[in-house]
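Here, each number is a calculation from the coordinates, and none is a lab measurement. Because the structure is a prediction, the values reported are computed rather than measured. Cβ placement follows ideal geometry from the backbone for every residue including glycine, while neighbour counts extend to all protein chains displayed.
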Amino acid sequence: MKVVGSLGVALCLFLVVGVLVEVVQMAEGNTTPSQCKQETDLLVSACKSAVIIGLKPSANCCQRVRVTHFECACPYVTPKVANLIPLGRTIKQIEGCGRSVPRNFKCGSITTPP
């Protein structure tokens, strides 16, 4: 059960960094808790191999990263989550989706590099 919990936390971190890409371009929406859960579940499903193995994100994963709302993910970014996978690797994976990651953006307990 611990492995599944750690996997979920690692996937949440991937989600958070991925949605940071949209922060600059996207106004905060009125996303309901059920919409947030659905978006997060879809992203976790689409991005498992990228997070677990460190593979290049699939086209489906990249699409999920682009459409998931950041306000759904930031509350999950605790220090424990932030320590599970390297932020640099995650940023490279997001850039592999053809997106740039904003610098010095704070989301939960992480801040992207300057």
(message) Cross-link candidates for LYS37: which lysines have Cα within less than 19 Å, leaving aside residues fewer than 8 places away along the same chain?
(response) LYS48
(request) Assign one of three labels to region 25-114, namely rounded, prolate or oblate, based on the Cα gyration tensor with a ≥ b ≥ c the square roots of its eigenvalues; rounded applies when a/c is under 1.5, prolate when it is not and a/b is larger than b/c, and oblate otherwise. (result) rounded
(request) Note down the net charge around THR112, summing +1 for each Lys or Arg and -1 for each Asp or Glu among other residues with Cβ under 10 Å from its Cβ. (result) +2
(message) Counting only other residues whose beta carbon sits under 14 Å from that of ALA46, what net charge do I get with K and R as +1, D and E as -1?
(response) +2
